[in-house]
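Worksheet: one structure, shown below.
The values are calculated or read from the model by the stated rules, or taken from the named source; none is laboratory data. Since we're looking at a predicted model, the values are computed, not measured. Cβ coordinates were reconstructed from backbone atoms using ideal geometry, including for glycine residues, and neighbour counts include every protein chain displayed.
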Amino acid sequence: MGTEIWTLRCQSCDGEFDVELPAGQRVIETAQTHPCPHCRKQPDQDAAGTEALAVWHHVVGFQPRKN
Ligand SMILES: [Zn+2]
């Protein structure tokens, strides 16, 4: 079981950052809750409970990693 590297782009500062997740884990939950390492923006802090795509970090890249 490997891991997967997802690249997200912050909606607030437009900065990109990588998150590493176990293979098969849904990235969308991370995109909703992971604080941006650049500006510390947390996507759901202004819109808790909404499912509006506009408040999430954008997923801009993906690569599998084999351990
Ligand atoms: Zn940011």
Could you check residue 8 against (1) in contact with a helix residue (DSSP H, G or I) (Cβ under 7 Å, 6 or more places away or on another chain); (2) modelled with pLDDT under 90; (3) aliphatic (A, V, I, L, M) and say which number it fails?
(2)
Tally up the residues in segment 2-26 that are in contact (Cβ under 8 Å) with a residue 60 or more places away in the chain and assigned to a loop (DSSP other than H, G, I, E, B), please.
1
For segment 1-47, what are the residues that are of a type in the set (S, T, N, Q), in contact with a strand residue (DSSP E or B) (Cβ under 8 Å, 6 or more places away or on another chain) and more than 13 Å from the ligand (Cβ to nearest atom)?
3, 7, 25, 30
Select from segment 29-38 the residues that are surrounded by 14 or more Cβ atoms within 10 Å (Cβ to Cβ) and assigned to a helix (DSSP H, G or I) and list them in ascending order.
30, 31, 32
